[in-house]
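Peer 1: Below are the structure tokens for one structure; questions will follow.
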């Protein structure tokens, strides 16, 4: 019986990859097809789950963990732990949300004591009123922005994370991150210390720890989101919370090119 007590994984695909590699170390002839047979499932389906291109449901996760006879695994990390219901953008949605303005507009619907409209959006985001109208109309057309019986605009999407999954680096999502980081650069120069927090440090590390570090960062983001929802007495500003972990080693870029 394998024991993975307290281990954290970036995703269920990473969890399966690690289990497969452990078996491969014990038997150099062990294959994904054999792994699928042991798990009593189709090998092509298992391969997709391991690559991260197919997301298994709760029952599938529980079944596979049971068949692997594993103990001490916190399955909540695979279910999207936290009180907020986060959704990852799919390809179609990301094409409409390739810049941060769209999410900022949706978050404005949660602000107290404001009248949401092109004029307010333009002033807040420092864009033209015409551009604000176009963006607002797109959100309405796509069903992301709705209006309730009292005439107040509201976010129909709920909480969305624009985190880029390792197996899904769509260009639109990369552009989203890059444009948001440009605003972060402005904040460093223009915002007072009371209204920002930009901290970074450089460290040597074991690159095998990166998946575990990313899990910790993910949990931190969710904890902050839960704190905001639980303790915000009055929402009066829209902020961006970003976390960054990246290599300074040019060899990593050479490997990916």
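Peer 1: Let me spell it out: the conditions are (1) assigned to a helix (DSSP H, G or I); (2) buried (at least 17 other Cβ atoms within 10 Å of the Cβ); (3) modelled with pLDDT of 80 or more; (4) within 24 Å of the chain's Cα centre (by Cα), and residue 35 meets all of them except one. Which number is the exception?
Peer 2: (4)
Peer 1: Which one is modelled with the highest pLDDT, of the residues in segment 140-156 that are within 20 Å of residue 237 (Cβ to Cβ) and crowded, with 18+ Cβ neighbours inside 10 Å?
Peer 2: Applying the first criterion (within 20 Å of residue 237 (Cβ to Cβ)) to segment 140-156 yields 145, 152-155.
Next, only the ones that are crowded, with 18+ Cβ neighbours inside 10 Å stay: 145, 153, 155.
Working: 145: 90, 153: 94, 155: 89.
By that ranking, first place goes to 153.
Peer 1: Exactly one condition in (1) modelled with pLDDT under 90; (2) closer than 20 Å to residue 153 by Cβ; (3) surrounded by 16 or more Cβ atoms within 10 Å (Cβ to Cβ); (4) out of contact with any strand residue (DSSP E or B) (no Cβ under 8 Å at 6 or more places or on another chain) is not met by residue 104; state its number.
Peer 2: Condition (1) is where residue 104 drops out.
Peer 1: Also, quick follow-up: Quickly run through segment 197-222 and pick out the residues that are loosely packed, with under 12 Cβ neighbours inside 10 Å and closer than 24 Å to residue 105 by Cα.
Peer 2: Across segment 197-222, the qualifying residues are 197, 198.
The values are calculated or read from the model by the stated rules, or taken from the named source; none is laboratory data. Computed from a predicted model, the values in this text were never measured in an experiment. Every residue, glycine as well, gets a Cβ built from its backbone with ideal geometry; the counts of neighbours run over all protein chains shown.
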